[in-house]
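Encoded as structure tokens, the structure appears first; notes follow it.
The values are calculated or read from the model by the stated rules, or taken from the named source; none is laboratory data. Remember, it's a predicted structure, so these values are computed and weren't measured experimentally. All Cβ positions, even for glycine, are placed from backbone atoms using ideal geometry, and neighbour counts span all protein chains on display.
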Amino acid sequence: QSNYTSLHGFILLGFSDHPKLEMVLSGVVTIFYLITLMGNTAIIVASLLDSHLHTPMYFFLRNLSFLDLCFTTGIIPQMLVNLWGPDKTISYVGCVIQLYVNMCLGSTECLLLAVMSCDCFIAICKPLHYLVIMKPHLCLKMVIMVWGISLACSVVLCKLTLNLPRCRINLMDHFLCELPAMVKIACIDTRTVEMSVFALGVVFVLTPLLLILTSYGFFAHAVLRMKSKAGQRKAINTCGSHLTVVTILYGCVIVVYLQPGNSASKDQGKFFTLFYTIIIPSLNPLIYTLRNKDMKDALKKLVKVAYASAKM
């Protein structure tokens, strides 16, 4: 077979067999994208303007919101073009960008959530030492480390995937250039790449998940020892939102990337991909603000300032 790899682009089949479903999905994606843009931008601006929110917890939350903005903006516009329009093609360069964005920013979010769980653990279990341990320069180093590790690993994995020969096959049964979908259209044995994906999945998914669950075990023990009901309620509200995001995100990623032999059905994989690329980034602002009194107060101040400026 020819070792030819098309540089002219790919055809993303998406849900071509269900045009009505594609129309519904395009509308849903558009709505959630707008929610993601407005919600995460509001969190970043409100936490920067309110001096009470200049703490490690909100520093990590700002990074998460910025990450979600980059993640969705790098993927959704091209996805909407493919869903709305009759032309399902995507250029080779556009596909490469989608692949790198999906791998790098997705793995960064998994690691960042693990860092946030450590921050939550220290805040609850070591409250008197919290500001001494979580110094600004340490928080900055942790974020830089997370971004650096994710970028390096995504470059290696994406390069392996892009170098796979596809023998003139450019039909991809997906609505975006995701790594499992690109591996499936390779015309050689892909077990090496699949094992690499699984190994990195253990590093970026299972290891952070184990760290998060361990920290929440200590967290639950510390909360149960609290005598104050108000303190218990505040602790649960502080970390309950984080646990909600973790459960949804890691569950979807495990289904898509860590099932042996791609045992998930093709449509099941598409829906889970849609969930962690579209739904979760839009839910993050709602989860972290509706259960957080300080953030709600900061957003109210932001709305008042915006209203006063508009009135003037």
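Values computed for the structure shown
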item: Region 138-172, subset small (Gly, Ala, Ser) and out of contact with any helix residue (DSSP H, G or I) (no Cβ under 7 Å at 6 or more places or on another chain), residue modelled with the highest pLDDT; result: 148
item: Close pairs (9 angstrom Cβ cut-off, 6 or more residues apart or separate chains): over 17 Å from residue 273 (Cα atoms) in region 20-39, among the charged types (D, E, K, R) anywhere; result: 39/68
item: Residue in region 84-98 that is small (Gly, Ala, Ser), within 30 Å of residue 182 (Cα to Cα) and assigned to a loop (DSSP other than H, G, I, E, B) present; result: yes
item: Selection status of residue 43, assigned to a helix (DSSP H, G or I) and over 27 Å from residue 158 (Cα atoms); result: yes
item: Selection within region 70-97 - touching a residue at least 60 places away in the same chain (Cβ under 8 Å) and either over 14 Å from residue 162 (Cβ atoms) or surrounded by 21 or more Cβ atoms within 10 Å (Cβ to Cβ) (or both); result: 71, 72, 75, 76, 78, 79, 82, 83, 88, 89, 90, 95
item: Test for residue 136: is it in contact (Cβ under 8 Å) with a residue 60 or more places away in the chain and either surrounded by fewer than 20 Cβ atoms within 10 Å (Cβ to Cβ) or closer than 22 Å to residue 201 by Cβ (or both); result: yes
item: Residue in region 173-183 that is farther than 30 Å from residue 18 by Cα, of a type in the set (Asp, Glu) and part of a loop (DSSP other than H, G, I, E, B) present; result: no
item: Of all residues making up region 226-247, the number that are surrounded by 18 or more Cβ atoms within 10 Å (Cβ to Cβ), modelled with pLDDT under 70 and more than 10 Å from residue 124 (Cα to Cα); result: 2
item: Selection within region 120-152 - of a type outside the set (Gly, Ala, Ser) and in contact with a Cys (Cβ under 8 Å, 6 or more places away or on another chain); result: 120, 124, 151
item: Members of region 164-191 found to be in contact (Cβ under 8 Å) with a residue 12 or more places away in the chain and surrounded by fewer than 14 Cβ atoms within 10 Å (Cβ to Cβ), listed by number; result: 168, 171, 188
item: Residue check for residue 122: in a helix (DSSP H, G or I), over 19 Å from residue 253 (Cα atoms) and not charged (D, E, K, R); result: yes
item: Search result, residues across region 207-225 that are closer than 27 Å to residue 100 by Cβ and surrounded by 15 or more Cβ atoms within 10 Å (Cβ to Cβ); result: 208, 209, 211, 212
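Rundown of residues vs (1) hydrophobic (A, V, I, L, M, F, W, C); (2) at pLDDT 85 or above, yes/no style:
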site	(1), (2)
68	no, yes
73	no, yes
76	yes, yes
82	no, no
98	no, yes
115	yes, yes
120	yes, no
130	no, yes
136	no, yes
